[in-house]
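Data first, discussion second: the structure below is written as structure tokens.
The values are calculated or read from the model by the stated rules, or taken from the named source; none is laboratory data. These numbers were taken from a predicted model, which means no experiment stands behind them. Neighbour counts are summed over all protein chains in view; Cβ atoms, including those assigned to glycine, are modelled from backbone coordinates with ideal geometry. Note: accessible area is taken over every heavy atom of the protein model, side chains too, but ligands, DNA and RNA are not part of it. Shrake-Rupley method; radii C 1.70, N 1.55, O 1.52, S 1.80 Å.
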Amino acid sequence: KAGVTQTPRYLIKTRGQQVTLSCSPISGHRSVSWYQQTPGQGLQFLFEYFSETQRNKGNFPGRFSGRQFSNSRSEMNVSTLELGDSALYLCASSEVKNTEAFFGQGTRLTVV
Amino acid sequence: GEDVEQSLFLSVREGDSSVINCTYTDSSSTYLYWYKQEPGAGLQLLTYIFSNMDMKQDQRLTVLLNKKDKHLSLRIADTQTGDSAIYFCAERDSGYSTLTFGKGTMLLVSP
């Protein structure tokens, strides 16, 4: 089985721009979660999607949004980028009632 | 609120055992996890333990859980240089599917 795939691996954007990151979960997994990892704050939960519905949301501003498609692939979008949005964005997938969450390699976003 | 704490750094010699410790505050945690992160990579799930268990062993890895003290540890036997990485402890609340992570422990294994 292929693992969790995140694209692109690296991105450089300018302040004020917007960005879209993509995550393809493991085949058969219907839950997708997103996390932001920074040196200062560590790993922080952004949101979780299941069957195209957002089930849970972390404490991030409305500039951060996401969605999930019928094939369970998920995208997250960050609008009006700020320097502080520079981070590694990680996606995790899990089965419906499985305790294990598997992570992708992440997308490294740099805002200049 | 929920909080997970870990020591920041551990240095061991190759062949020794490594013990990484973690404390958590959420008494409703159902599952506790250990993830490994190598430079430039994502998180690799190493093992997890259900909150009603005391111990779980998986090859070189042993997880110990003291639920009364809310203390979790990961022991790596016969530590190798390839084990050098950052190790994250995480908890999952019974009501949600999200994970709360510690800041990570950097393990450095010297030859």
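Just to confirm the filter: which trypsin sites (Lys or Arg not before Pro) across the range A:23-96 are DSSP coil and have at most 13 other Cβ within 10 angstrom of their Cβ?
A:ARG63
Using a 1.4 Å probe on the protein chains only, how many percent of the accessible area of chain A belongs to carbon and sulfur?
Exposed carbon and sulfur together represent 47 percent of the surface.
Can you give me the Rg/Rh ratio for the protein assembly as shown, using Cα atoms for both radii and the Kirkwood formula for Rh?
0.97
Give the accessible surface of the range B:30-103 per residue, rounded to a whole number of Å², with probe radius 1.4 Å and ligands, DNA and RNA excluded.
46
Under the rule a/c < 1.5 gives rounded, and otherwise a/b versus b/c splits prolate from oblate, where does chain A land using the Cα gyration tensor?
Because a/c hits 1.5 or more and a/b exceeds b/c, chain A counts as prolate.
Seen from all sides and averaged, what is the projected area of the convex hull of the Cα atoms in chain B, in nm²?
Spelled out: convex hull of the Cα atoms, projected over all directions, averaged, 6.7 nm².
About the Cα centre, and with charges only on the beta carbon of Lys, Arg (+1) and Asp, Glu (-1), how big is the dipole of the range A:39-99? Nearest 20 debye, please.
The calculation lands at about 140 debye.
Would you kindly derive the ³J(HN,Hα) couplings of the range A:23-38 from the backbone phi angles with the Karplus curve 6.51 cos²θ - 1.76 cosθ + 1.60 (θ = phi - 60°), listing them in order in whole Hz, with x for Gly and Pro?
Per-residue couplings from phi come out as 9, 10, x, 4, 3, x, 7, 10, 9, 10, 10, 10, 9, 10, 10, 10 Hz.
Which loop trypsin sites (Lys or Arg not before Pro) in the range B:14-111, with loop taken from DSSP, have no more than 10 other Cβ atoms within 10 angstrom of their Cβ?
Hits after loop and neighbour filter: B:LYS68.
With the solvent-accessible surface defined on protein heavy atoms using a 1.4 Å probe, which residues belonging to the range B:75-111 display a reduction of at least 50 Å² in accessible area in the multichain context relative to the isolated chain?
B:SER97, B:THR98, B:PHE101, B:LYS103
Step through the residues of the range A:42-49 one at a time and calculate ³J(HN,Hα) from phi using the Karplus curve (6.51 cos²θ - 1.76 cosθ + 1.60, θ = phi - 60°), rounding each to whole Hz and writing x for Gly and Pro.
Karplus values, whole Hz, x for Gly and Pro: x, 8, 10, 6, 9, 6, 10, 10.
Tell me, what % of the accessible area of the range B:1-62 is carbon and sulfur with a 1.4 angstrom probe?
46
Compute for chains A and B the buried accessible surface, both sides summed, probe 1.4 Å, and express it in Å² to the nearest 100.
1600
Exactly which chymotrypsin sites (Phe, Trp or Tyr not before Pro) in the range A:60-89 are in a DSSP loop and have at most 14 other Cβ atoms within 10 Å?
Qualifying residues, ordered by number: A:PHE69.
Taking every alpha carbon pair in the range B:1-58, what does the distance histogram look like in 10 angstrom bins from 0, in percent?
16, 46, 33, 5
Where only protein heavy atoms count, and the probe is 1.4 Å, what is the accessible area per residue for chain A in Å²?
48
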